[in-house]
Amino acid sequence: MFPASFGYFAARSLEEALELLTKHGEEAKLLAGGHSLIPAMKLRLASPRYLIDIGQVPGLSGVRVDGESLAIGALTVHADVASSEIVRQRLPGLAEAASVIGDAQVRNRGTIGGSAAHADPAADFPVILTALNASFILQSPSGKRTVGADNFFIDFYTTALKADEVLTEIRVPLPPSGAGTAYAKLGHPASGYIVVSAGVLVIRERSGRCASARVAVGGLGSGPFRAAATEAALKGQPLTPEVIVAAAAKAAEGSDPVDDLYASADYKRHMAVVYARRAIESGVRRAGG
Amino acid sequence: MDDSRTISVTVNGVKHRAEVEPRTLLVYFLREHLGLTGTHVGCDTSQCGACTIHLNGRAVKSCTILAVQANGAEITTIEGLAREGALHPVQEGFREKHGLQCGYCTPGMIMSAAYLLKTNPSPTEDEIKHALEGNLCRCTGYVNIVESIRWAAAKMMKGEE
Ligand SMILES: Cc1cc2nc3c(=O)[nH]c(=O)nc-3n(C[C@H](O)[C@H](O)[C@H](O)COP(=O)(O)OP(=O)(O)OC[C@H]3O[C@@H](n4cnc5c(N)ncnc54)[C@H](O)[C@@H]3O)c2cc1C
Ligand code: FES
Ligand code: FES
């Protein structure tokens, strides 16, 4: 299967990519790892007139600490997020999510920026990045803006990115000591994408109480779902097994999942509870609880 | 709009310059332009791993990459794994442990396994299985494939001593 014909540009710099994007507007699509876009083009689900390949643009790849955040270049491939020492030490939940995406070959090619920009409702990164309160740096010819995860993922395959913007970097706040992060996924047995998954950031006080928690659940709707009822049930409480179970039981409250060929809405709600519990337990353990 | 592009790639140590249509998939470039038919097309939908090659040292699915994206890259295919006539230990392992039946998945399996052993020279059985998630085999039931890779890992570790 070949994609339909398109005009191809290999951008050599971010400036060049932005120029091309401005010139070709809605008719153009950026190409990063191509592991969402090329399959869609082969199936003719997408037929962009122009592709602007940013795969070889220098400076958009790699993980580094910048102040209180981890700055991850948009072109960093999943395997490099999963194996990064600093990610594994400080944000194990992010490494966990990166390491269960697709398969080894996909992780060698797909990029974190591509995954975020694509905003597949069954993708892993949007869920964990929402839990971790990541922010997204969007560059346009007229400047840079930063959008938080809660406002970045808008709908099915829809983000805050405008047609003339490139996502250049994802910034993840480094959690304070006494915090734990985790990701737990129920993958579809055939596709490997999520049926349901949960990402958490738990901040534990010395006393053993929960200072605050962010819990995001995937698979329940058009994008990552903030489990607000679960978060509220954890905040200020001692992080005992009973509190965790009771909080996780609220993980699907307020969501509106739909039946699909593989899983009914009820099953997804139930799995949301199970996977939220597992992720919270693991996050609390990592927070020293 | 089908303006052809000149790309330059090094495949199995040999430099090639070629004209390709931008929509040409890397696997077809390797098979049809360069005649390297050892790399197979199984599903053509990014699932089966039969098309696995090494692009700049990393195992990837060449049915999901445009040839133009590989401009400037170093590629190794199954044909380039043997060195000076000596099979790669993973190739030997598949022979010794009967790691194939029809052989359709084999080039991709071997490329994935060779990449695994480069990054993790003594993998556990679970790590081998995890590393092969992107490679499907309809014949063997995988048991002998895992055995073949363990054989290769043991041989390579011995060689290091
Ligand atoms: C077999 C297979 C299994 C997979 N399994 C999973 C899975 O289990 N979980 C999961 O989460 N994902 C999975 N994926 C998807 C994979 O993670 C993709 O790599 C990822 O979703 C997209 O990243 P990419 O770099 O390949 O993006 P591309 O395909 O290049 O681009 C995707 C979209 O994002 C846009 N885009 C890309 N980069 C930028 C940028 N920097 N700024 C603005 N827009 C941009 C493109 O224009 C395009 O619209 C799987 C893919 C395959 C082929
Ligand atoms: S042919 Fe490429 S993954 Fe199946
Ligand atoms: S040996 Fe036949 S598909 Fe694997």
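Confirm whether B:His54 is outside the structural domain of B:His130 (by TED's automatic domain parsing) and surrounded by fewer than 16 Cβ atoms within 10 Å (Cβ to Cβ). Answer is no for this residue. For the range B:86-115, taking the residues that are more than 21 Å from B:Val41 (Cα to Cα), open to solvent by 20 Å² or more (accessible area, probe 1.4 Å) and part of a helix (DSSP H, G or I), the one that is farthest from ligand 3 (Cβ to nearest atom) is identified as B:Pro89.
In the range B:10-19 there is no residue matching the filter, namely being within 14 Å of chain A (Cβ to nearest Cβ), open to solvent by less than 10 Å² (accessible area, probe 1.4 Å) and either modelled with pLDDT of 95 or more or not in a helix (DSSP H, G or I) (or both). Residues in the range A:259-285 that are open to solvent by 90 Å² or more (accessible area, probe 1.4 Å) and out of contact with any helix residue (DSSP H, G or I) (no Cβ under 6 Å at 6 or more places or on another chain): A:Leu261, A:Tyr262, A:Asp266, A:His270, A:Arg278, A:Arg285.
Identify, please: which residue in the range B:147-161 is loosely packed, with under 14 Cβ neighbours inside 10 Å and assigned to a helix (DSSP H, G or I) and is, among those, farthest from ligand 3 (Cβ to nearest atom)? Give the derivation first.
If we filter the range B:147-161 for residues that are loosely packed, with under 14 Cβ neighbours inside 10 Å, which is where we start, we get B:154, B:157-161.
Narrowing further to those that are assigned to a helix (DSSP H, G or I): B:154, B:157-160.
Numbers: B:Ala154: 22, B:Met157: 26, B:Lys158: 27, B:Gly159: 27, B:Glu160: 29 Å.
Among those residues, the one meeting the criterion is B:Glu160.
Among the residues of the range A:74-86, at least one is crowded, with 22+ Cβ neighbours inside 10 Å, under 17 Å from A:Pro175 (Cβ atoms) and either modelled with pLDDT under 95 or more than 16 Å from ligand 3 (Cβ to nearest atom) (or both). Here B:Asn120 does not fit the description of being within 16 Å of ligand 1 (Cβ to nearest atom), within 14 Å of another protein chain (Cβ to nearest Cβ) and either exposed (fewer than 13 other Cβ atoms within 10 Å of the Cβ) or not aliphatic (A, V, I, L, M) (or both).
Kindly establish whether A:Gly208 is on the phi > 0 side of the Ramachandran plot, assigned by TED's automatic domain parsing to the domain that holds A:Gln105, open to solvent by less than 40 Å² (accessible area, probe 1.4 Å) and small (Gly, Ala, Ser).
Values: on the phi > 0 side of the Ramachandran plot: yes; assigned by TED's automatic domain parsing to the domain that holds A:Gln105: no; open to solvent by less than 40 Å² (accessible area, probe 1.4 Å): yes; small (Gly, Ala, Ser): yes.
Here the answer is no, as A:Gly208 does not meet what is asked.
Restricted to the range A:12-121, the set of strands (runs of 3 or more DSSP E) holding at least 1 residues that are away from chain B (no Cβ under 14 Å) and either under 22 Å from the mean Cα position of the chain (by Cα) or closer than 24 Å to B:Asn56 by Cβ (or both) comprises A:63-66, A:69-73. Selection over the range B:97-116 of residues that are touching a residue at least 60 places away in the same chain (Cβ under 8 Å) and among the β-branched types (Val, Ile, Thr) gives a count of 0. Out of everything in the range B:117-146 that is assigned to a helix (DSSP H, G or I) and in contact (Cβ under 8 Å) with a residue 40 or more places away in the chain, what residue ends up being nearest to ligand 3 (Cβ to nearest atom)? Here the answer is B:Ile145. One residue alone among B:Asp44, B:Asp3 is surrounded by fewer than 20 Cβ atoms within 10 Å (Cβ to Cβ), of a type outside the set (Gly, Ala, Ser) and within 15 Å of ligand 2 (Cβ to nearest atom), and that residue is B:Asp44.
Quick grid of which residues meet (1) over 17 Å from A:Arg278 (Cβ atoms); (2) surrounded by 23 or more Cβ atoms within 10 Å (Cβ to Cβ):
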position: A:Tyr157; (1), (2): yes, no
position: A:Ala163; (1), (2): yes, no
position: A:Ala182; (1), (2): no, yes
position: A:Gly187; (1), (2): no, no
position: A:Val195; (1), (2): no, no
position: A:Arg204; (1), (2): yes, yes
position: A:Ala216; (1), (2): no, yes
position: A:Gly221; (1), (2): yes, no
position: A:Ala249; (1), (2): no, no
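Quick check, is A:Tyr8 under 19 Å from A:Pro141 (Cβ atoms), in contact (Cβ under 8 Å) with a residue 24 or more places away in the chain, facing chain B (nearest Cβ under 10 Å) and surrounded by fewer than 23 Cβ atoms within 10 Å (Cβ to Cβ)? It would help to see each step written out before you state the result.
Values: under 19 Å from A:Pro141 (Cβ atoms): no; in contact (Cβ under 8 Å) with a residue 24 or more places away in the chain: yes; facing chain B (nearest Cβ under 10 Å): yes; surrounded by fewer than 23 Cβ atoms within 10 Å (Cβ to Cβ): yes.
So A:Tyr8 fails the test.
Within the set B:Thr64, B:Thr37, the sole residue that is open to solvent by 10 Å² or more (accessible area, probe 1.4 Å) and away from ligand 3 (no atom under 16 Å from the Cβ) turns out to be B:Thr37.
Among B:Ala59, B:Ala50, which is the only one that is more than 8 Å from chain A (Cβ to nearest Cβ), under 26 Å from B:Arg150 (Cβ atoms) and among the aliphatic types (A, V, I, L, M)? Please lay out each step first, then the result.
Values: B:Ala59 fails: more than 8 Å from chain A (Cβ to nearest Cβ).
The unique qualifying residue is B:Ala50.
Within the range B:98-115, the residues that satisfy the criterion of being more than 14 Å from chain A (Cβ to nearest Cβ) and of a type in the set (Ser, Thr, Tyr) are B:Tyr104, B:Thr106.
The values are calculated or read from the model by the stated rules, or taken from the named source; none is laboratory data. Everything numeric here is computed off the predicted structure, so don't read it as measured data. Cβ coordinates were reconstructed from backbone atoms using ideal geometry, including for glycine residues, and neighbour counts include every protein chain displayed. Surface accessibility is based on the protein's heavy atoms, side chains included, excluding ligands, DNA and RNA. Shrake-Rupley method; radii C 1.70, N 1.55, O 1.52, S 1.80 Å.
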